[in-house]
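The values are calculated or read from the model by the stated rules, or taken from the named source; none is laboratory data. Fair warning: this is a prediction, and the values are worked out from it, not measured in the lab. Cβ placement follows ideal geometry from the backbone for every residue including glycine, while neighbour counts extend to all protein chains displayed. In case anyone asks, the SASA skips ligands and DNA or RNA and just uses the protein heavy atoms, side chains included. Shrake-Rupley method; radii C 1.70, N 1.55, O 1.52, S 1.80 Å.
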Amino acid sequence: MVKSLITCDCLGTQTIDATALSEATGLDVRPPCSALCTTQLERAQAALEGGDAVFCCTQEARVFEELAEGLDRPAPHTLDLRDRAGWSADDTPKLPKMSALIAEAMLPEAQEKTVDVISEGLCLILGPADVALAAADQLKDHLGVTVLIDEPSEVPDTRAFDVVVGKLRRASGSFAAFEVVIDALQQVDPGGRGAFSLTDPRDGAISQCDIILDLRGQTPLFPAPEKRDGYLRADPTHAPGVAAAVMAASHMTGTFEKTLYVQTAPLLCAHSRAEQTGCTNCLDLCPTGAITSAGDHVAIDPMICAGCGACSAACPSGAITYDAPPVDHTMQRVQTLAKAYLAAGGRAPRLLVHDAHGAEMIRLSARHGRGLPADVIPMEMSAIGAFGHAEAVAGLAAGFATVTLLPGPNADLPALDTQIALANAIAGAGKGTLLDTTDPDAMSDALYDQTAPAPIEQPVRPMGTRRQITRQAARALHPDTDQVPLPDGAPYGAVLVDTDACTLCLSCVSLCPSGALGDNSDKPQLRFQEDACLQCGLCANICPEDAITYEPRLDLTDAALSQEVLNEEEPFPCIECGSLFGSKSAIDRITDKLKDHAMFAGDKLRMIQMCDNCRVTAQFHSTDNPFQGGEKPRVRTTEDYLSKRRDH
């Protein structure tokens, strides 16, 4: 537990009520300093020596870390109250906002899962010979360098690094595990006098490397190249860019930690069944190509995944969940911010979700502009794409009046647009917004000009999966509403069955990945539980009668949690024994389709109307019984054998 909170009013440029903060947060908030990082550094030293403390200044974190190191103490935690709250053109008291930021900072940190990646420094350099060879000469003392050039005449008279001639066909993999395929590969034969000779060309040569330095200035080898670890690109005509890429490559040797961004549950995946494609949300969104189809589910290469989080926000079933930090930790942060703000006397808070780029915009706006309004609470995410409709609706149900996403330059705007649109459809128009700007002043102006609707009167803080939280939050936001219509493609809704076309073949039941569709073992019946439906499209794709359509909606009644009958019939009685089997419509339709078929001429058509036992009996006793063999051969006796001997 934190024992003390060390505050500073930064030369009197912000107001901090330490007593009120202590009462609101339950922490030991010390009276504010004025110049904690300079003339009052002895107070910081005393706080470090006294025990665990949090310094409310992130700008001078380096100073406090160096001080702690000199005292042989662990580096202190820091918290930004000044840029996010204190420095603001809004005259409204900042106590509720500071209380919320402090409460969030006191939450236990989520532990990231990582895996070690070992790079031995094997680097492949691509590009024009003059630029690539110059880069190789700079890197040869740091990495194991191989240069791929196009023309044999450009091979240099040096063995300080390897040079090969050929054409790159393709590249795959990631940092420390790249694989390249080269056609017309020729390697240097260092023996003999004069210019080096080359081996005979060979197509399809495969090699591995740890780093690829691409100086070709052409189409990247990978999608979202800036997110592929170990793949460095630069324009060969831009010397500073080439120098920066060479410098970055020189440091990419040793052991590195790769964050494992997502968790997967293949059994929940609704991607495919029986070679019929259903949900492709994550495949359509992944910018790096880390997600591929693997039969009934998708597979994610953790070494390629860049952690944008879009797949987790769009996954309807929870088969993919963000894990850096986990989804439940994000939900806890949202709910903690709202609860602490309201408990400190604040009203109608607004949530601003941003990434590291947004954090810098907030700092610039606070120092040089208007800063944030007093009711706007910032929450930084490592990957803003992981903040989807479920998190937004949970925030609105927790007491926020609006939820605004401030994406950075590398964010997937279409994916965020989809999630905001879905959140607005569930919670109400205008409650979720996407603030797409890189101008700190424009950001502040938009937030000051925003008119927030009234928040929920009775906040709730639901728990569970993203789907469960969405449903509970929606019920709190719409206490008098039974159904909320949703846009096409939403992961919630009903399955509609044309009972005139449906034959109750139950193909849809066997393929439903979530168990939303079910049958009845006692009679032909199709059942449906709306709460479990993912709207993945598998049942509509597999239905042979095209009898299934969808209605995107969110049913907030208890009926969505129970099974309803979509279609049922009386079972068909066997024409021989009367046993019940199948459905009448299915048997009648099959009989009608096969009545003119040559293989079902005569009495054979009647077999379709028989149960399994009677059908086998009828086949066995038919004249062309498929189970009947030919006449058994007569046993050959000794007499038969001797009768054919000529010497007998």
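Per residue, the convex hull spanned by the Cα atoms of region 468-600 measures out at 121 cubic angstrom.
Tell me which lysines have Cα within less than 30 Å of LYS593's Cα, excluding those fewer than 8 residues away on the same chain? Those lysines meeting the cut-off are LYS523, LYS584, LYS604.
Given region 346-466, what whole percent of its Cα pairs are spread farther than 26 Å?
The share of Cα pairs beyond 26 Å in region 346-466 comes to 14 percent.
Each label point was placed 7 Å from the Cα along the Cα-to-Cβ direction; for GLN218 and MET247 their separation is 2.9 nm. Across the alpha-carbon atoms of the chain, the computed radius of gyration and Dmax are 34.7, 132 angstrom. Rolling a 1.4 Å probe over the heavy atoms of the protein chains gives the chain an accessible area of 50 Å² per residue. Whole-percent P(r), region 523-641, all Cα pairs, 5 Å bins from 0: 2, 8, 12, 14, 12, 10, 9, 8, 7, 5, 4, 3, 2, 2, 1, 1, 0, 0.
When the helices of the chain are scored as -39500 (n - 2.57) per DSSP H run of n ≥ 4 and the total is divided over every residue, the value at 222 nm lands at -8500 deg cm²/dmol. Find the centroid of the Cα atoms in region 37-104 and in region 545-596, then give the distance between the two in whole Å. Between the Cα centres of region 37-104 and region 545-596 lies a distance of 67 Å. Using the empirical formula 2.2 N^0.38 Å as the baseline, the Cα radius of gyration of region 17-149 reaches a ratio of 1.70. When a/c is below 1.5 the answer is rounded, else prolate if a/b is larger than b/c, else oblate, so apply that to region 432-546 with a ≥ b ≥ c taken from the square roots of the Cα gyration tensor eigenvalues. Prolate shape, in that a/c is at least 1.5 and a/b is the bigger ratio. In this structure LYS593 has an accessible area near 140 Å², from a 1.4 Å probe over the protein heavy atoms.
Our summary gives the chain a relative contact order of 9 percent, counting only alpha carbon pairs under 8 angstrom and 6 or more residues apart.
What part of the accessible area of the chain, given as a whole %, is carbon or sulfur when the probe is 1.4 angstrom? Reported share for carbon and sulfur atoms: 50 percent.
Taking a ≥ b ≥ c as the square roots of the Cα gyration tensor eigenvalues, with a/c under 1.5 meaning rounded and otherwise prolate when a/b beats b/c, else oblate, which class fits region 294-345? Here region 294-345 falls in the prolate category.
Taking a ≥ b ≥ c as the square roots of the Cα gyration tensor eigenvalues, with a/c under 1.5 meaning rounded and otherwise prolate when a/b beats b/c, else oblate, which class fits region 502-561?
Values: a/c = 1.95, a/b = 1.29, b/c = 1.51.
Oblate, because a/c is 1.5 or more while a/b does not exceed b/c.
Cα-Cα over 29 Å: which of LYS140/LYS227; LYS113/LYS167; LYS94/LYS431; LYS167/LYS227; LYS258/LYS431; LYS595/LYS632?
In this structure, LYS113/LYS167; LYS258/LYS431; LYS595/LYS632 lie more than 29 Å apart at Cα.
For region 558-605, the fraction of C-alpha pairs farther apart than 16 angstrom is 58 percent.
A straight line joining the Cα centroids of region 145-163 and region 224-278 runs 28 Å.
Counted over region 168-237 with a bin width of 5 Å, the fraction of Cα pairs per bin, in whole percents, is 4, 15, 20, 19, 17, 13, 8, 4, 1, 0.
For MET463, MET610, what's the largest-to-smallest order of accessible area, 1.4 Å probe?
Final ranking, largest accessible area leading: MET463, MET610.
Exactly which trypsin sites (Lys or Arg not before Pro) in region 110-217 are in a DSSP loop and have at most 11 other Cβ atoms within 10 Å?
Answer by residue number: ARG159, ARG193.
For THR437 and SER207, the FRET efficiency from 1/(1 + (r/R0)^6), where r spans their Cβ atoms and R0 equals 51 Å, is about 0.65. A probe of 1.4 angstrom, applied to the heavy atoms of all protein chains, finds ARG467 with accessible area near 40 square angstrom. Taking 7 Å steps out from each Cα toward its Cβ at THR38 and SER622 produces label points 10.0 nm apart. Dipole of region 183-273 computed with +1 at Lys/Arg Cβ and -1 at Asp/Glu Cβ about the Cα centre; of PRO190, ILE212, ALA270, farthest Cα towards the positive end is ALA270. Figure legend: label point modelled 7 angstrom from the Cα of GLN59 along Cα→Cβ; residues of region 12-39 with amide N under 17 Å from it are 12-16, 32-39.
For THR158 and GLU226, the difference between the fully extended length at 0.36 nm per residue and the C-alpha to C-alpha distance is 21.2 nm.
Amide H contacts for GLN483 (H built 1.01 Å from N in the peptide plane; partners 5 or more residues away or on another chain; cut-off under 5 Å): LEU556. Listed by chain and number, the aspartates and glutamates whose C-alpha is less than 18 Å from the C-alpha of LYS339, apart from same-chain residues fewer than 8 away, are GLU23, GLU104, ASP328, ASP375, GLU380, GLU391, GLU457.
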